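S.K.: I have a structure here, written as structure tokens, and I will follow up with some questions on it.
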Amino acid sequence: MGHLEIPPEIGQVRDTLWAAGRPAYPVGGCVRDQLLGRTPGDYDMTTAARPEEVMALFRRTVPTGLKHGTVTVLTGIGPVEVTTFRREGGYSDSRHPDAVAFDATLEEDLARRDFTVNAMALDRDGTVVDPFGGQADLAVGRIRCVGDPEERFSEDALRMLRAVRFAAQLGFRMEPGLVRAVGRLAPRAAALSAERVRTELEKTICSPRPGGAEALFYLGLLERYGPGPVRPLEGLGRLPAEPLARWAGLCGALDRDPEPFLTALRLEGRIVRACGGGFRIWRAGLPEHPADWRRALADQGTEAVRAAVWMAFTAGEDRRDELERTIAQGGCRSVKDLPVTGGELAALGWNGPAIGAVQRRLLDHVLERPEDARRDHLLALLERWKKEERTK
Ligand code: ATP
Ligand code: MG
């Protein structure tokens, strides 16, 4: 079957291991991606060498996961994760269930991998080692477990979310038996850490087929986080493929305040705030007039307003141009942007909390009339306000 080329730097890592008498093979995602004609994001290598041998053989290494037998080797084109052949979970030795069994073979190592399309290795002559029919599944676009799906999901519930994620990323279907197994074992996803669940959900909604993420909801894999029902997500594909945009799109497809859901997933504060604020802006109705847009940007921040616009967009209301035009026009968005300083206001006779109040009044004024945001103009305005205060 397919003959694949790998970058010379990766070839060198492999050849060094073989020269030391330790078989080594590029494996997993990089083989899958190359067979699909895509450039692999990173390279993983599986080897008979133990971690300490790998560390002794290369000059620049990082002991990233010694417990699991993983050493990162740094090369000219980036890091390569080199992992010793393993069996599933090391269960083979019931007395040391957490220990890695370092006497596994390549076949055993491939057998412990999640899906057939991820369970292929590349031999030195460029042929693909494919004991589970990964190439056939690539050809028909199918995500299928290596072995019995119920067994594999019982060993590691994260695989259920990974199945959905790879289906979305690759544009594949999940094999029916796999889907049935998720149907039965989905409650076990509740035991996974929020961070791991969130990472898979994020990769799924940031993929070229974010609609695939609907499966995470209807299969019950997110139940613990209480998202409620979700509307179709395919439209997220028209948003930028970056986290803030896609999370906002997802929140727009939920019919409740998304903050508890996002917080439960331990999403980073920046995105929680933008999506929470965005949801409130969107629910209250997007701004109508340019001054309202400017005021929203000043009050809520650019990211929350953007999030609101993306939410509206997923619901069929496209206000993106209006927002981007307003942002591009620039201007004052906070008292810090005003062309007169607090010190100058003090010199003009305001003091204490009155300074803050007059700054907010100035900001309010220039949000309404951005053409007034010039020093001379504002100083004249301040003179007038001062006079008014005196005559009161
Ligand atoms: P990506 O492009 O997202 O990096 P990948 O296939 O490289 O895709 P990784 O999460 O980097 O995915 O994992 C590397 C390989 O390790 C996978 O291809 C798979 O063979 C194996 N693997 C990773 N996670 C699991 C798991 N939970 N269960 C079984 N095998 C796994
Ligand atoms: Mg990878």
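S.K.: Yes or no: the range 344-354 includes at least one residue that is in contact with an Asp or Glu (Cβ under 6 Å, 6 or more places away or on another chain) and assigned to a helix (DSSP H, G or I). Explain how you work it out, then say what you get.
M.R.: Filtering the range 344-354 for residues in contact with an Asp or Glu (Cβ under 6 Å, 6 or more places away or on another chain) gives none.
No, because not a single residue in the range 344-354 is in contact with an Asp or Glu (Cβ under 6 Å, 6 or more places away or on another chain) and assigned to a helix (DSSP H, G or I).
S.K.: Residue by residue through the range 158-188, note down the ones that are away from ligand 2 (no atom under 16 Å from the Cβ), closer than 20 Å to Phe261 by Cα and surrounded by fewer than 24 Cβ atoms within 10 Å (Cβ to Cβ).
M.R.: Answer for the range 158-188, where residues must be away from ligand 2 (no atom under 16 Å from the Cβ), closer than 20 Å to Phe261 by Cα and surrounded by fewer than 24 Cβ atoms within 10 Å (Cβ to Cβ): Ala186, Pro187, Arg188.
S.K.: Just to be sure I understand the filter: pairs with C-beta atoms under 6 Å, separated by 6 or more residues or on different chains, first member in the range 28-55 and in contact (Cβ under 8 Å) with a residue 24 or more places away in the chain, second member of a type in the set (Val, Ile, Thr) and away from ligand 2 (no atom under 15 Å from the Cβ). Which pairs pass?
M.R.: The qualifying pairs are Arg50/Thr84; Pro51/Val71; Val54/Val71.
S.K.: Can I ask one more? Quick check on my filter: what residues within the range 20-48 are assigned to a loop (DSSP other than H, G, I, E, B), away from ligand 2 (no atom under 12 Å from the Cβ) and within 21 Å of Gly76 (Cβ to Cβ)? Before you say what the answer is, go through the steps one by one.
M.R.: As a first pass, look at the range 20-48 and keep what is assigned to a loop (DSSP other than H, G, I, E, B): 20-23, 28, 36-42, 48.
The next check asks that each one be away from ligand 2 (no atom under 12 Å from the Cβ); those that pass are 20-23, 36-39, 48.
Scanning the range 20-48 gives Ala20, Thr39.
S.K.: Oh, and also: Could you please give the count of residues in the range 242-299 that are farther than 22 Å from Gln169 by Cβ, surrounded by fewer than 16 Cβ atoms within 10 Å (Cβ to Cβ) and among the acidic types (Asp, Glu)?
M.R.: 5
S.K.: Report yes if some residue within the range 130-137 is within 16 Å of ligand 2 (Cβ to nearest atom) and modelled with pLDDT of 95 or more; otherwise report no.
M.R.: yes
S.K.: Could you pull out every one of the helices (runs of 4 or more DSSP H) wholly within the range 102-187 that has 2 or more residues that are of a type outside the set (Gly, Ala, Ser) and over 18 Å from Ala213 (Cβ atoms)?
M.R.: Qualifying helices (runs of 4 or more DSSP H): 106-111, 134-140, 149-155, 176-185.
S.K.: For the range 238-308, give me every one of the helices (runs of 4 or more DSSP H) that falls completely inside it and has 2 or more residues that are without any contact (Cβ under 8 Å) to a residue 24 or more places away in the chain and under 22 Å from the mean Cα position of the chain (by Cα).
M.R.: Where helices (runs of 4 or more DSSP H) fall fully within the range 238-308 and carry at least 2 residues being without any contact (Cβ under 8 Å) to a residue 24 or more places away in the chain and under 22 Å from the mean Cα position of the chain (by Cα), they are 259-264, 269-284.
S.K.: Could you list all residues from the range 65-78 that are of a type outside the set (Gly, Ala, Ser) and either at pLDDT 95 or above or surrounded by 16 or more Cβ atoms within 10 Å (Cβ to Cβ) (or both)?
M.R.: Restricting attention to the range 65-78, the residues satisfying the condition of being of a type outside the set (Gly, Ala, Ser) are 66-68, 70-75, 77.
Passing the criteria: Thr70, Val71, Thr72, Val73, Leu74, Thr75.
S.K.: Of everything in the range 189-207 that's within 16 Å of ligand 2 (Cβ to nearest atom) and of a type outside the set (A, V, I, L, M, F, W, C), which residue is surrounded by the most Cβ atoms within 10 Å (Cβ to Cβ)?
M.R.: Checking each candidate, the answer is Thr204.
S.K.: Can you tell which of Arg375, Arg361 is modelled with pLDDT under 90, closer than 22 Å to Arg295 by Cα and out of contact with any Leu (no Cβ under 9 Å at 6 or more places or on another chain)?
M.R.: The unique qualifying residue is Arg375.
The values are calculated or read from the model by the stated rules, or taken from the named source; none is laboratory data. Keep in mind that what you see is a predicted model, and the values were worked out from it rather than measured. With ideal geometry, Cβ positions are generated from the backbone for all residues, glycine too; neighbour counts draw on all protein chains shown.
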